[in-house]
Amino acid sequence: MKQLINEWRQFLNEGAIEKEISKTLSDEGGASGLDPLHKTAKKVEKDISKKEVEDTIEDMDNVTKHRDGDYIKEESEYEAAMRRLKDKAEDGSVSIEVEPEEDDIDLDDDDEDIAESRSSYNRDTIRKMVEEEMSRLNEKPAKGKAKQKVTASGKKVSYGQAGKAKGGGPRVKPGTSKGDAYCARSMGIKKGLSKEKQNDPNTPNNLSRKRWKCSGEKSTKS
């Protein structure tokens with residue numbers, strides 16, 4: 001029973017640590033070195049090591065490691081949709097209707113600056129537009145591919161082979177001989193790419209290697 005309680009506590013802590021790491025990355029503008037992330041993780045688990053923090057970050061789908069060592073947080077679909085919508089509003093390709101709040105009725109007609117600062121977006125209009133942008137971002141991967149990632153720039157990258165393994169079950173099984181074979185093969189592909197693409201976390205090859213938990217030519221379970 002004690003072991004079960006400890007495992008459950010560890011499970012809960014992992015979720016809390018990921019939340020703290022994500023918040024710190026957002027506060028830092030989307031990128032941070034390991035030391036600040038280790039420091040914030042210690043708020044949840046005081047004895048956590050840097051290696052454990054690195055392992056936690058490795059399992060976070062929206063965080064990647066840049067070639068200079070910093071960790072970068074990718075936008076969520078909602079964040080990406082809001083950014084795209086804001087860009088479209090700024091370049092005039094979409095128009096967002098505004099309506100005054102109820103408490104704006106006493107404003108002087110000639111005080112346009114105050115009226116503008118206290119106006120609000122029509123909630124139904126902007127909600128619908130955000131949902132439409134998210135729908136565009138959430139399109140299915142290319143035919144035959146298992147996953148699709150939308151990068152911070154809005155680029156859609158499809159990767160991984162779709163379908164189940166022979167006999168059923170998941171196709172991707174890290175820490176197996178099949179995983180080792182994939183990691184060795186994909187490492188050969190990676191070495192044939194330019195340095196820029198080798199270090200780009202959002203190439204199809206690197207995204208697939210992350211799914212297989214590749215470390216060099218080996219596939220790991222953790």
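The values are calculated or read from the model by the stated rules, or taken from the named source; none is laboratory data. If you're wondering where the values come from, they're calculated on a predicted model, not measured in any experiment. Heads up, the Cβs are rebuilt from the backbone with ideal geometry, glycines too, and the neighbour counts pull from every protein chain shown.
When you check residue 43 against the structure, is it exposed (fewer than 14 other Cβ atoms within 10 Å of the Cβ) and modelled with pLDDT of 85 or more, yes or no? Walk me through how you get there before you give the answer.
Values: exposed (fewer than 14 other Cβ atoms within 10 Å of the Cβ): yes; modelled with pLDDT of 85 or more: yes.
Taking the combined requirement at face value, the residue satisfies it.
Can you tell me which residue is nearest to residue 176 (Cα to Cα) among those in segment 199-222 that are assigned to a loop (DSSP other than H, G, I, E, B) and among the charged types (D, E, K, R)? Break it down into steps so the answer makes sense when it comes.
So in segment 199-222, the residues assigned to a loop (DSSP other than H, G, I, E, B) come out as 199-203, 212-213, 216-217, 220-222.
Those still in the list that are among the charged types (D, E, K, R) too: 200, 213, 217, 221.
Details: 200: 26, 213: 11, 217: 12, 221: 8 Å.
Among those that are assigned to a loop (DSSP other than H, G, I, E, B) and among the charged types (D, E, K, R), it is 221.
Any idea how many residues of segment 163-181 are surrounded by 14 or more Cβ atoms within 10 Å (Cβ to Cβ) and under 20 Å from residue 61 (Cα atoms)? Steps first, please.
The first filter runs over segment 163-181 and keeps only residues surrounded by 14 or more Cβ atoms within 10 Å (Cβ to Cβ), leaving 171-175, 178-180.
Checking the rest, the ones that are also under 20 Å from residue 61 (Cα atoms) come to 171-175, 179.
Going through segment 163-181 one residue at a time, the tally reaches 6.
I need the full set of residues from segment 191-203 which are surrounded by fewer than 17 Cβ atoms within 10 Å (Cβ to Cβ) and touching a residue at least 12 places away in the same chain (Cβ under 8 Å), in order please.
Taking segment 191-203 first, the residues surrounded by fewer than 17 Cβ atoms within 10 Å (Cβ to Cβ) are 191-199.
Once the filter is applied, which keeps residues that are surrounded by fewer than 17 Cβ atoms within 10 Å (Cβ to Cβ) and touching a residue at least 12 places away in the same chain (Cβ under 8 Å), segment 191-203 yields 193, 199.
Pairs, please: C-beta under 6 Å, at least 6 apart or cross-chain, first residue outside any strand (DSSP E or B) and in segment 142-153, second of a type in the set (Asp, Glu) and crowded, with 17+ Cβ neighbours inside 10 Å?
152/74; 152/75
Sort through 215, 186 and tell me the only one that's surrounded by 17 or more Cβ atoms within 10 Å (Cβ to Cβ), of a type outside the set (Val, Ile, Thr) and without any contact (Cβ under 8 Å) to a residue 40 or more places away in the chain. Break it down stepwise before answering.
Values: 215 fails: surrounded by 17 or more Cβ atoms within 10 Å (Cβ to Cβ).
On inspection, the qualifying residue turns out to be 186.
If you go through segment 173-182 one residue at a time, do you hit one that is of a type in the set (S, T, N, Q), in a loop (DSSP other than H, G, I, E, B), touching a residue at least 12 places away in the same chain (Cβ under 8 Å) and closer than 15 Å to residue 220 by Cα?
Of the residues in segment 173-182, the ones of a type in the set (S, T, N, Q) are 176-177.
Filter once more, keeping what is in a loop (DSSP other than H, G, I, E, B): 176.
If we keep only those that are touching a residue at least 12 places away in the same chain (Cβ under 8 Å) as well, we get 176.
Filter again for closer than 15 Å to residue 220 by Cα, leaving 176.
Taking every residue of segment 173-182 in turn, at least one turns out to be of a type in the set (S, T, N, Q), in a loop (DSSP other than H, G, I, E, B), touching a residue at least 12 places away in the same chain (Cβ under 8 Å) and closer than 15 Å to residue 220 by Cα.
In the list 114, 96, 126, which residue meets the criterion of being at pLDDT below 70, in a helix (DSSP H, G or I) and outside the structural domain of residue 215 (by TED's automatic domain parsing)?
Just a single option satisfies the conditions, and that option is 114.
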